[in-house]
Amino acid sequence: MKKFYITTPIYYVNDKPHIGHAYTTIAADVLARYHRLKGDEVFFLTGTDEHGSKVAESAQAANKSPQEFCDENSAKFQMVWDRLNISHNNFLRTTSLQHKQGVEKFLNKLKESGSIYESDYQGLYCTGCERFITEKELLDGLCPDHKKAPEVLKEKNYFFKLKDYLPQIAKLINSGELMILPENKKNEVLGLIKQGLDDFSISRESVKWGIKIPFNDSQITYVWVEALQNYITGIGYGADEENFNKFWPADIHLMAKDIIKFHALYWPAMLLAAGLPLPKVIFAHGFFTIDGEKMSKTLGNVIDPEALVDEFGSDAVRYLLLSQFPFGADGDVKAGNFVIQYNSDLANGLGNLTSRVLSMAEKYFDGVVPEKDFEFSDETAGIWHQYEDAMKIFKIDEVIEIIRKFNSFADGYVERQKPWQLAKEDKEQLAKVIYNLLESIRHLALMVYPIMPDVAEQIFKYLNQADWKSHNFKELIDWGVLEPAAKVEKAKALFPRLEK
Ligand code: MSP
């Protein structure tokens, strides 16, 4: 059995979950569910990033202790992921004991490796970014992202010898051992190495809310350094070595392009220093705007994923978010189009086809599956090939396109065959048509399962296939799983039409 370890970033708890966070998490869930379907042993990790000055300041502004603030906000993320049917195997909180112990072990390893040294540091620090920022990056003296002047920080810190590891990382990226995807992100990362990067400080003297450096009590671990380590502590590094050894290295770290530098350079360098294998793929998808504008509290255009679930249901939200623009590219989300797309793709698409086919099976054959027919067998095998190829390279939008095409193909078949006429003229052909359509919706259910798990289960139930998971993937993608004489049910509307 193959293993598949996938991660999302751990999200800052100073914010409520918004659809940017949901986007990455849903995408990771689709990949995790697809791999489980294939029979892989999957570990899917997500969680919250709870230390550092940004969180401490937000807690103070809310008149709460940092821990109380983190508990409340981390719970919000967990609740929203529940509502979105996210199937993570662990939700890692950086304030947990499990994380702290793993971080201590890892930092000690870095120390032993000789890759850490002490030095004075003076620089401009942007709390919003939780990083030092250069003069060059400022716009009118302000951080371009947070529109705030950075603070001048001067203190004694521990530094990590990043520069020593960069040539080796460039080699690993070029050879494909460390894959940075999509391709343009790989070039960006190689460009950063070429420009030259400084060693970075891994501790803070002035920050209080965080994990103490195990070999110096007066220093707190830099929040980004310990945050990256969630990817190993979340599977048991320093606590459950068996699980850790089973799943590490990660098969894919998924994130948006905003944090690629930390993942593609800082993290691999620290892993090399600690003598641990590197993740196989770092995939940075694009950043999206809302109706052409950056999502921000000030603009008031932040979309709450829970409100979307209330309006459309969790399956539709998952589908709608992932089908807005190619996965990997930047894009724009037009919130006003959600209802239109819901009605056309889901209510009139999959929902309508399913209820039409099942009610014809009921009307013409009393819901009894007719004799098998194999007209679509080869065609469907070809579609599964395309589906698997797209999933392999994380092209979730292509997967959605393949599903749409298969759905329209089945719609077209109904229109061409006109079962309502065949019912009067050719019962034998009608039986073939209904069998082909029933099998088609079974295949569609399987294809949509990673994206819309509840609806898929519902279709399987209507098809009297509630135990579908007892078959392996190879059997399921074969044509002809529905057995003649079995009973199917009439469907209720899977996606009731929405008016707006
Ligand atoms: N805490 C760090 C990550 C540490 S991982 C070791 C952090 N947190 S964050 O809350 O700011 O989350 C950033 C991530 O949220 C992005 O990389 C992306 O996954 C997701 N997104 C936030 N806004 C988004 C968009 N507008 N568009 C796409 N993804 C978005 O950075």
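The values are calculated or read from the model by the stated rules, or taken from the named source; none is laboratory data. Everything numeric in this text was worked out from a predicted model, so none of it was measured. Ideal geometry is used to build each Cβ from the backbone, glycine not excepted, and the neighbour counts take in all protein chains shown. The area values use the complete protein model at the heavy-atom level, side chains included, leaving out ligands, DNA and RNA. Shrake-Rupley method; radii C 1.70, N 1.55, O 1.52, S 1.80 Å.
Tabulated results
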read-out	value
Test item: Cα-centred dipole of the chain, Lys/Arg +1 and Asp/Glu -1 on Cβ, debye	300
Spherically averaged projected area of region 1-129 from its Cα convex hull (nm²)	10.6
Cα long-axis angle, helix 352-365 against the chain (0 to 90 degrees, to the nearest 10)	30
Net charge, P326 excluded, C-beta distance under 13 Å - Lys, Arg +1, Asp, Glu -1	-4
Equivalent-ellipsoid semi-axes of region 205-267, from the Cα gyration tensor, Å, largest first	23, 18, 8
Crossing angle, helix 183-195 versus the chain [Cα axis fit, 0-90 degrees, rounded to tens]	10
Listed pairs K392/K490; K418/K469; K297/K392; K154/K261; K2/K395; K294/K395 exceeding 29 Å between Cα atoms	K392/K490; K418/K469; K297/K392
Backbone HN-Hα couplings from phi across region 440-452 [Karplus 6.51/-1.76/1.60, Hz, Gly and Pro as x]	4, 6, 5, 5, 4, 4, 5, 5, 7, 3, x, 8, 10
Surface/4 estimate of mean projected area, convex hull on alpha-carbon atoms of region 102-145, nm²	4.6
For region 430-489, projected area of the alpha-carbon convex hull averaged over all directions, nm²	3.9
Alpha-carbon radius of gyration plus Dmax, which is the widest Cα pair, for region 143-292 in Å	16.6, 49
Tensor-based shape of region 73-219 (alpha-carbon gyration tensor, a/c under 1.5 rounded, otherwise prolate or oblate)	rounded
Selection from N89, H35, P66 lying farthest towards where the dipole of region 1-102 points positive, charges on Cβ	H35
Extension gain (nm, one decimal) between D120 and K212, 0.36 nm per residue minus Cα-Cα	31.3 nm
Degrees separating the helix 66-83 axis from the principal Cα axis of the chain, which is the longest one	20
Where the Cα pairs of the chain fall when distances are cut into 20 Å bins, in %	21, 49, 23, 6, 0
N89/E135 FRET efficiency (R0 51 Å; Cβ-Cβ; nearest 0.05)	0.70
Rounded to whole Å, sorted largest first: equivalent-ellipsoid semi-axes of region 250-383, Cα gyration tensor	41, 26, 12
Filtered trypsin sites (Lys or Arg not before Pro), region 80-152: DSSP coil and at most 14 other beta carbons within 10 Å	K147, K148
For region 232-317, convex hull of alpha carbons as volume per residue, Å³	164
Centroid-to-centroid separation of region 1-50 and region 356-401 [C-alpha atoms, Å]	27
Hydrodynamic radius (Kirkwood) for region 302-351, which is based on Cα pairs only, to one decimal in Å	11.4
Within the accessible area of the chain (1.4 Å probe), percent carbon and sulfur	49
Kirkwood hydrodynamic radius (C-alpha pairs) into Stokes-Einstein, region 364-500, 20 °C and 1.002 mPa s, D in µm²/s	135
Area of D164 that stays accessible when all protein chains are in place (1.4 Å probe, Å², to 10)	100
